[in-house]
Amino acid sequence: MTRIALTSGEPAGIGPELCVAVARRFRGAQLVAIGDRSLLTGCAHIEHVALAAPRKAGRLEPANSRYVLQVLARAIDGCLAGEFDAMATAPVHKGVINDAGIPFTGHTEYLAARARVPHVVMLLVGGGLRVALATTHLALSDVPRAITRAGLLATLRVLDADLKKRFGIRRPRILVSGLNPHGGESGHLGTEERDVIEPALADAKKLGISVQGPIPADTLFVPARLKGADCALAMYHDQGLPVLKYASFGAGVNVTLGLPFVRTSVDHGTALELAGKGRADPGSLVEAVKLAVKLASST
């Protein structure tokens, strides 16, 4: 039976209760919930990692930040060792981890560093869409400098390879957005399309990758255009994710491509205001586990 590591995320948030809800209702794989056992009562299989400080629902405690990372590290190491076939993650709170003095920009970057892989790609799946990101958790002012010809080519190579390997798409068709309004308007509204994105796409085509773009972001997601594509690549976080979340919020799944194992996650945050009240919707984590099982079974 497929074994999925289920990380419980920020203890003050809704992650632990989502794990319990999913573990109770999901059949078809063995879910191993990782975290403090006191938070995971009701899960059949628990890998205990002790809290550093008492947990109070809805109240962040920086002292538990290292615990959150220990939970993640246990799942990653287990996947690398073959103990787990995939991992699905409940949300963490980036702010409190940084408040604890630990540099942390997100799951995606932590996974890449722990697994020692050179390049990973964030892909969101839901509502009939697949939307990947060229950059992830950056301030908007830092995005243009982060978009490079080499970086875009690396992203497209990972995206093309994992759409084939994980999703079984023989020849993925990838739409690529521009960065600036109207795709830069021939350089009058920005030159990144001309100087960076177009050369990267030319490089990708030479490698046999099916790409189209750069396409102005305001027309990239029209249904007629998406009908002929398998995935869209947005240049930054809030360029692509609002569309995906509008189409599928509460049922979307975050997939990290480029890893030597399958990792999926929810499409939402820690929802501190709902923690401990019994109102958190486990739908996104259910979908994340379903997709983890599917992707792990296909490789």
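Measuring between their Cα centroids, segment 48-84 and segment 141-188 lie 33 Å from each other.
Only bridges whose two residues both fall in segment 1-113 count here: according to DSSP, what percent of them are antiparallel, nearest 5?
The antiparallel fraction comes to roughly 10 percent.
Overall dimensions of the chain, expressed as equivalent-ellipsoid semi-axes from the Cα gyration tensor (√(5λ), whole Å, largest first), are 34, 20, 17.
Rolling a 1.4 Å probe over the protein heavy atoms of segment 204-261, with every protein chain left in place, gives an accessible area that is 56 percent carbon and sulfur. Highest-first packing order for the peptide set 232-242, 127-137 is 232-242, 127-137, based on the mean count of other beta carbon atoms within 10 Å.
Taking the longest Cα principal axis of the chain as reference, the axis of helix 149-165 is set at about 60 degrees.
Sorting the segments 161-174, 278-291 by their residues' average number of neighbouring beta-carbon atoms within 10 angstrom, most packed first, yields 278-291, 161-174. Distant-in-sequence amide contacts of Arg130, defined by a placed amide H-H separation under 5 Å and a gap of 5 or more residues or a different chain, comprise Ala232. When the solvent-accessible area of segment 1-116 is split by element, carbon and sulfur atoms take up 47 percent of it, the probe being 1.4 Å. Of the peptides 260-268, 34-42, the ranking by mean beta-carbon count within 10 Å, highest at the top, reads 260-268, 34-42. Does a label point 7 Å from the Cα of Thr41, set along Cα-to-beta-carbon, have any residues of segment 269-292 with amide nitrogen under 19 Å, and which are they? Hits in segment 269-292 for Thr41 at 19 Å: 275-280. The 3J(HN,Hα) values that the Karplus relation (6.51, -1.76, 1.60; θ = phi - 60°) gives for segment 96-103 are, in residue order, 5, 5, 5, 4, 7, x, 10, x Hz. Gly and Pro appear as x. Of all the options Gly82, Gly258, Gly178, the one that moves most in a Gaussian network model of the chain with Cα springs shorter than 10 angstrom is Gly82.
Over all directions, how big on average is the projection of the convex hull of the alpha-carbon atoms in segment 177-239, in square nanometres? Each step should come with its number before you reach the end.
Working: hull surface 17.6 nm².
That works out to 4.4 nm².
Over the C-alpha trace of segment 129-238, radius of gyration and Dmax come out as 13.1, 41 angstrom.
Over segment 22-159, give the accessible area per residue in Å² for a 1.4 Å probe, as an integer.
Heavy-atom SASA per residue in segment 22-159 reads 46 Å².
Taking Ala90, Ala75, Ala21 in turn, the Gaussian network model of the chain (Cα-Cα springs below 10 Å) assigns the largest fluctuation to Ala21.
Between the residues Leu129, Phe261, Ala44, the greatest Cα displacement towards the positive end of the dipole of the chain, with unit charges on the Cβ of Lys, Arg, Asp and Glu, is found for Ala44. Charges were assigned to the Cβ only: +1 to each Lys and Arg, -1 to each Asp and Glu. The resulting dipole of segment 12-68 about its Cα centre is roughly 140 debye. Listed values for segment 216-233 are Karplus-derived 3J(HN,Hα) couplings in whole Hz (6.51 cos²θ - 1.76 cosθ + 1.60, θ = phi - 60°), namely x, 4, 6, 10, 5, 9, 6, x, 4, 6, 5, 4, x, 9, 9, 6, 10, 10, and x replaces Gly and Pro.
When the Cα positions of Thr270, Val22, Gly9 are compared along the charge dipole of the chain, Val22 comes out farthest toward the positive end, with charges on each C-beta of Lys, Arg, Asp and Glu.
Counting only protein heavy atoms and a 1.4 Å probe, segment 193-285 has 43 square angstrom of accessible area per residue. Result for the chain in a Gaussian network model with C-alpha springs under 10 Å: among Asn64, Asn98, Asn180, the largest mean-square fluctuation is at Asn98.
For Lys245, list the lysines whose Cα falls under 19 Å from its own Cα; do not include residues on the same chain fewer than 8 positions away. Counting by Cα, and skipping residues close in sequence, Lys245 has these lysines nearby: Lys227, Lys290. Where does helix 15-25 land angle-wise versus the long Cα axis of the chain, in degrees 0 to 90, nearest 10? Compared with the principal axis, the helix lies near 80 degrees. Rounded to the nearest 20 debye, the dipole magnitude of the chain is 900 debye, with +1 charges on Lys and Arg beta carbons, -1 on Asp and Glu beta carbons, and the Cα centre as origin. Overall shape of segment 1-124 was characterised from the C-alpha gyration tensor. The equivalent ellipsoid obtained from it has semi-axes of 21, 20, 12 Å, in decreasing order. Overall, segment 1-159 carries a charge dipole of about 240 debye about its Cα centre when +1 sits on the Cβ of Lys and Arg and -1 on the Cβ of Asp and Glu, all other atoms neutral. Given R₀ = 25 Å, what would the calculated FRET efficiency be for Arg66 paired with His137, taking r from the Cβ atoms and rounding to 0.05? Result of the calculation: an efficiency of 0.80. Farthest towards the positive end of the charge dipole of the chain, among the residues Val158, Leu295, Ile209, is the Cα of Leu295, using unit charges on the Cβ of Lys, Arg, Asp and Glu.
Taking segment 179-240, which GluC sites (Glu not before Pro) meet the DSSP loop condition and have no more than 13 other C-beta atoms within 10 Å?
Here the GluC sites (Glu not before Pro) that fit, given the DSSP loop and packing criteria, are Glu185.
The calculated 222 nm mean residue ellipticity attributable to helices in the chain amounts to -10500 deg cm²/dmol, summing -39500 (n - 2.57) over DSSP H runs of n ≥ 4 and dividing by all residues. Taking 19 Å as the straight-line reach from the Cα of Lys277, the lysines in range (excluding those fewer than 8 positions away in the same chain) are Lys56.
The values are calculated or read from the model by the stated rules, or taken from the named source; none is laboratory data. Here the structure is a predicted model, which means the values were calculated and not measured. FYI the Cβ positions are ideal-geometry reconstructions off the backbone, even for glycines, and counts take in every protein chain you see. Ligands, DNA and RNA are stripped out before the accessible areas are found, and what is left, the full protein with its side chains, is counted by its heavy atoms. Shrake-Rupley method; radii C 1.70, N 1.55, O 1.52, S 1.80 Å.
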